[in-house]
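The values are calculated or read from the model by the stated rules, or taken from the named source; none is laboratory data. Quick caveat: nothing in here was measured; it's all calculated off a predicted structure. With ideal geometry, Cβ positions are generated from the backbone for all residues, glycine too; neighbour counts draw on all protein chains shown. Surface accessibility is based on the protein's heavy atoms, side chains included, excluding ligands, DNA and RNA. Shrake-Rupley method; radii C 1.70, N 1.55, O 1.52, S 1.80 Å.
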Amino acid sequence: MKRALVTGITGQDGAYLAQLLLSEGYHVFGTYRRSSHPPFERLEYLGIKEQIELLPMDLLDQGSILRALEASEPEEVYNLAAQSFVQVSFEQPILTGNVTGLGVARLLEAIRQVNPGIRFYQASSSEMFGKVQSIPQDEKTPFYPRSPYGVAKLYSHWMTVNYREAYGLFACAGILFNHESPLRGTEFVTRKISRAVARIKLGLQDHLELGNLQAKRDWGFAPEYVEAMWLMLQQDQPGDYVIASGGTHRVQEFVEKAFETVGLDWREYVVKQEALFRPAEVDLLVGNPARARRDLGWQPKTSFPELVRIMVEADLARAAKEALSQ
Ligand code: NDP
Ligand code: GDR
């Protein structure tokens, strides 16, 4: 039985990746941070919590990283842990740098020490392209991050490349564009919208506050994107891959489609809130996943309208339960 350690297993991607690895017959270990409130909601939603061996670990604490590696003895490590919210990175740039940037250096050092034969996946991000230098973006596009989060991800991206080149680690960076699902955190724009649309439809909320509606993102479906992570670690050679849908849509289009799904006119409910605009914005992202298609045989399957529908329907089911409990 292959053994894998997933950091950030309590997040959106961690839950879907754990589900995939279990279906591939892995013994799955996952790390969580101590919290005053149980953080395993997503693993419970997918009904897989009991099949995962959970280990306490914080990317700020070197000892806990070493202990998680020693306890799990993994062949593969997927590093999904991060302070991942761009907006918060403007408020907490030092914490974001420490977790999302330096945290990866801590993990790479621990792998080098414990077992340099471990295959390593790093969750790099399209946010590293920031103020894009060419359209569409691929593995050769120069980076120009626009937030403390993007800068921290760029550091961890280059550390992953450097440990591959300097020490021969089998280290891969997946440069993933935005990917969404019913398990997306509620502060990210797609889930904020799908949740609000469902709650407005059922009379639980009366409006939705949003910031910049003109930014364009390349949105895909998260369960498909975690497959690409796994595929990267199954190749003969390590490498970096752009994972994207290849399409791009304005935030406003997501809003329109989501309200349309429940037969409402978005203009009656959406309120612009200046505080939700970012000090520096990423205006346009659109990826070219040709390399992943060629080398990994990976391609996106879920269209933009399907993605919106999946998310709104899942939130309608949740809102119906909420309405019943009131
Ligand atoms: P989430 O925010 O849903 O999950 C982040 C995970 O990191 C959570 O499990 C969180 O734990 C954990 N974490 C946060 N801080 C620490 C810490 N100090 N030590 C250990 N663990 C910590 O992110 P996603 O699942 O959406 O994304 C997964 C990864 O992929 C992230 O690194 C993200 O930056 C990156 N990424 C995501 C994309 C997307 O569109 N979703 C696109 C490109 C990259 P807790 O539950 O306790 O908060
Ligand atoms: P992003 O995702 O910053 O691309 O990072 P997010 O959903 O937060 O923002 C997307 C775009 O929507 C605009 N926007 C709003 N965003 C939020 N969160 N809330 C709002 O009310 C709102 N109104 C407008 C934003 O300005 C932005 O342009 C995500 C994260 O998952 C990162 O971890 C990951 O690396 C990147 O995707 C790829």
### Residue check, V189 farther than 25 Å from P93 by Cα and β-branched (V, I, T)
no
### Criterion (within 16 Å of ligand 1 (Cβ to nearest atom), in a strand (DSSP E or B) and open to solvent by less than 60 Å² (accessible area, probe 1.4 Å)) met by exactly one of V242, V308
V242
### Query
Is it fair to say S23 is in contact with a Pro (Cβ under 9 Å, 6 or more places away or on another chain) and modelled with pLDDT of 95 or more?
no
#### Entry: Hits in the stretch 95-111 - residues which are open to solvent by 30 Å² or more (accessible area, probe 1.4 Å) and within 26 Å of K192 (Cα to Cα)
L95
### Task
Considering only the stretch 194-218, state which residues are buried (at least 24 other Cβ atoms within 10 Å of the Cβ), within 15 Å of ligand 2 (Cβ to nearest atom) and either assigned to a loop (DSSP other than H, G, I, E, B) or among the hydrophobic types (A, V, I, L, M, F, W, C) (or both).
A196, V197, D218
### Query
Out of the stretch 251-297, which residues are touching a helix residue (DSSP H, G or I) at 6+ places or on another chain (Cβ under 7 Å), within 30 Å of F143 (Cβ to Cβ) and assigned to a loop (DSSP other than H, G, I, E, B)?
R278, P279, V282, L285
### Message
Tell me whether the stretch 82-93 contains one or more residues that are touching a residue at least 60 places away in the same chain (Cβ under 8 Å) and open to solvent by less than 10 Å² (accessible area, probe 1.4 Å).
### Response
yes
### Query
If you go through the stretch 12-27 one residue at a time, how many are among the hydrophobic types (A, V, I, L, M, F, W, C) and away from ligand 2 (no atom under 16 Å from the Cβ)?
4
### Message
Which count do you get for residues in the stretch 245-299 that are under 24 Å from L316 (Cα atoms), under 20 Å from the mean Cα position of the chain (by Cα) and open to solvent by less than 40 Å² (accessible area, probe 1.4 Å)?
### Response
2
### Task
Could you figure out which of (1) buried (at least 23 other Cβ atoms within 10 Å of the Cβ); (2) within 13 Å of ligand 1 (Cβ to nearest atom); (3) within 20 Å of R112 (Cβ to Cβ) isn't true of I9?
(3)
### Query
Just for the stretch 162-188: of the residues that are more than 16 Å from ligand 2 (Cβ to nearest atom), in contact with a Ser or Thr (Cβ under 9 Å, 6 or more places away or on another chain) and aliphatic (A, V, I, L, M), which one is nearest to V77 (Cα to Cα)?
A171
## Note on the structure
Within the stretch 32-54, the residues that are surrounded by 12 or more Cβ atoms within 10 Å (Cβ to Cβ), in a helix (DSSP H, G or I) and either over 19 Å from the mean Cα position of the chain (by Cα) or away from ligand 1 (no atom under 11 Å from the Cβ) (or both) are E44, Y45, K49, Q51
### Message
Step by step: first the residues of the stretch 132-165, then only those that are basic (K, R) and assigned to a loop (DSSP other than H, G, I, E, B), then the one that is least open to solvent (accessible area, probe 1.4 Å). Which residue is that?
### Response
R146
